[in-house]
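A short write-up of the structure that comes next.
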Amino acid sequence: MADLSKSVAIVGVAESDEIGRVEKSNLQLHAEAAYNALEDAGLKMSDVNGLMTAGTSTINLGEYLGVNPTYTDTTAVGGSSFIIHIAHAVAAINAGYCDTVLVTHGEAGRSARSRAGANGSDAGPQYESPYGFIGAPINYAMAARRYMHMYGERRVRQGMAEVAVATRKWANLNPKAYFKDTPMSFDDYHNSRWIAWPFHLPDCCLVTDAGGAYVVTTPERARDLPKKPVYVLGAAEGHDHGVLSQMKNLTRTWAKYSGPAALQMAGVTHDDIDLSMIYDSFTYTVLATLESLGYCEPGEGPDFVANQRTAPGGDFAMNTSGGGLSYTHSGMYGMFLVLEAVRQLRGETGERQLDDPKLCLINGTGGSLSSTGTVVLGID
Amino acid sequence: MTQAYNKPLPTPQVESDMYWQKAKEHELWLRYDNDAQQYYFYPRDISPITFSRNTEWRQVSGKATLYTYAIVHRPPHPGFVDDVPFVTALVELDEGPIMPTNIVMEDPTPEKLVIGMPLEVVFEDVTDEISLPKFKPA
């Protein structure tokens with residue numbers, strides 16, 4: 001593969017005007033985020049010639065936004081899609097199909113909470129939904145139960161609690177976080193109600209209304225824009241299965257492949273990374289992902305996050321926005337990993353700002369632990 | 001008054017008609033890959049193991065072990081409101097494949113659900129057309 005490291009830059013990021021409980025349509029959330037991200041980038045909609053999204057088609061989105069792109073991508077493989085779009089933007093821009101890509105997300109996950117009827121003819125609806133395999137918590141809980149069986153229930157429970165509590169502490173520092181003003185102790189965690197055993201409520205991500213967007217362009221163009229460019233150093237993707245019952249190893253995600261590939265493309269190692277943005281649909285997702293990415297060995301996740309190592313002040317900076325667990329999670333959360341990564345690298349995150357981070361690894365997980373996208377971002 | 005069954009139902013397809021027809025007869029049949037000499041789940045005419053067309057239907061024993069599970073406390077769909085807590089599970093059939101199902105059990109707890117415990121299939125006739133294979137402790 002051609003060396004495409006540092007061949008494009010992210011130059012604008014933003015949420016929709018408000019996130020949390022917002023009575024707006026999906027497309028309005030897309031549009032607000034797009035407007036705000038272009039403003040952040042110092043660009044106009046007329047500069048955009050690549051359009052990417054997940055969850056709706058770019059023909060609906062492009063019409064709503066009033067843009068006629070020369071390159072479109074509606075890749076929808078779950079919440080990881082918006083990380084994977086970065087890899088696709090690298091390819092499209094380098095191939096010359098477009099030079100400025102707008103990627104948007106908008107989902108009224110809270111206001112439109114009804115679940116799909118799940119009465120189709122595919123494998124999931126046909127063989128899983130009749131048994132109540134509906135929605136992410138139940139599927140991920142079954143994977144987590146297998147992991148507990150392999151690596152010990154007590155220590156895995158503690159590892160899940162560590163992630164939930166540490167992530168909440170970051171949210172308490174983020175003015176936009178849903179749980180900004182709601183602290184959580186270990187007792188709060190252990191005393192909370194069950195959603196699907198082994199998951200307590202705080203093992204599960206939020207359900208919010210939120211939009212987000214980012215803009216990708218060439219380094220040449222980025223140099224003339226107001227914000228410091230955040231370069232894409234490495235990007236990789238892949239998927240393993242669709243429905244959970246087809247997943248061969250419930251404790252290893254495709255990050256096992258996309259993680260090393262992205263790091264190799266970036267020419268860096270785990271030890272070089274200053275911030276890790278790990279898709280935290282569930283506390284368990286974090287443990288399985290850290291291991292799959294190679295930060296630690298299989299089964300070592302609970303030790304890796306022990307003693308609030310990922311909390312503010314800890315020596316492994318992770319999910320500094322407060323994550324899907326405590327900041328926002330509209331349904332396909334991956335977009336928001338990118339926003340925080342770019343802002344941390346630019347030094348724009350106020351009270352929760354890390355000390356001069358240069359390299360950030362993002363890993364998105366979509367579906368039922370089905371798909372992953374890993375990206376390494378850097379700033380000069 | 002009996003309430004209408006309001007959980008999601010499978011919509012059998014050409015390549016799964018046999019599976020659901022046999023389930024209605026309270027038998028469990030899977031697709032077998034003659035080249036790989038392995039069963040696979042879910043049924044499709046062309047094997048996902050070898051991408052071979054040399055496959056056929058075979059009846060399996062209905063014996064399995066518990067691979068993993070969740071005890072569902074928050075109903076994921078209106079049809080399950082009266083069922084919580086209930087158990088979703090993946091079971092490993094004696095013939096090899098893993099399949100999604102429910103474990104039929106009163107008042108499920110983690111103590112009663114031991115990974116690896118032996119199970120056997122039972123069939124629940126949920127409509128005139130559909131019977132769902134579920135599993136209970138053997």
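When chain A is treated as a Gaussian network with alpha carbon springs shorter than 10 Å, the biggest mean-square fluctuation among A:Asp209, A:Asp224, A:Asp73 belongs to A:Asp224.
When chain A is described by a simple charge dipole with +1 on each Lys and Arg Cβ and -1 on each Asp and Glu Cβ, the residue from A:Ile59, A:Ala164, A:Ile84 located farthest towards its positive end is A:Ala164. Separation of the alpha carbons by more than 18 angstrom is noted, of A:Lys180/A:Lys228; A:Lys6/A:Lys256; A:Lys248/B:Lys24; A:Lys44/A:Lys227; A:Lys6/A:Lys228; A:Lys44/A:Lys358, for A:Lys180/A:Lys228; A:Lys6/A:Lys256; A:Lys248/B:Lys24; A:Lys44/A:Lys358.
Of the residues B:Asn34, B:Ser16, B:Ala4, the one whose Cα sits farthest towards the positive end of the charge dipole of the range B:1-44 is B:Ala4 (charges of +1 on Lys and Arg Cβ, -1 on Asp and Glu Cβ, taken about the Cα centre).
Between B:Asn34 and A:Asn307, the distance separating the two model label sites (each 7 Å from Cα on the Cα→Cβ line) works out to 6.2 nm. About the centre of its Cα atoms, the protein assembly as shown shows a dipole size close to 360 debye [charges on the beta carbon of Lys, Arg (+1) and Asp, Glu (-1) only; nearest 20 debye]. Structural descriptor for the range A:211-337: relative contact order 23 percent, calculated from alpha carbon pairs under 8 angstrom and at least 6 residues apart. What the protein assembly as shown shows is 39 Å² of accessible area per residue, with the surface traced by a 1.4 Å probe over protein heavy atoms.
Here the label points at B:Glu15 and B:Ile49, each 7 Å from Cα along the C-beta direction, are separated by 1.6 nm in the simple model.
Compared with its chain on its own, the range B:60-100 contains the following residues whose accessible area drops by 40 Å² or more in the full protein assembly (probe 1.4 Å; ligands, DNA and RNA excluded): B:Tyr67, B:Thr68, B:Tyr69, B:Ala70, B:His73, B:Arg74, B:Pro76, B:Thr88, B:Leu90, B:Pro100.
The share of accessible area on chain B that comes from carbon and sulfur is 47 percent, using a 1.4 angstrom probe.
With a cut-off of 20 Å on the backbone N, the residues of the range A:40-59 near the modelled label site 7 Å out from A:Thr70 along Cα-Cβ are A:43-53, A:58-59. Taking all Cα pairs closer than 8 Å and separated by 6 or more residues, the relative contact order of the range A:300-357 comes to 20 percent.
Rounded to the nearest 500, the helix-only mean residue ellipticity at 222 nm of chain A stands at -10000 deg cm²/dmol, with each DSSP H run of n ≥ 4 adding -39,500 (n - 2.57). Taken across both chains, chains A and B shield about 3200 Å² of accessible surface from a 1.4 Å probe.
The values are calculated or read from the model by the stated rules, or taken from the named source; none is laboratory data. It should be emphasised that the depicted structure is a prediction, and the values quoted were computed from it without experimental measurement. All Cβ positions, even for glycine, are placed from backbone atoms using ideal geometry, and neighbour counts span all protein chains on display. In case anyone asks, the SASA skips ligands and DNA or RNA and just uses the protein heavy atoms, side chains included. Shrake-Rupley method; radii C 1.70, N 1.55, O 1.52, S 1.80 Å.
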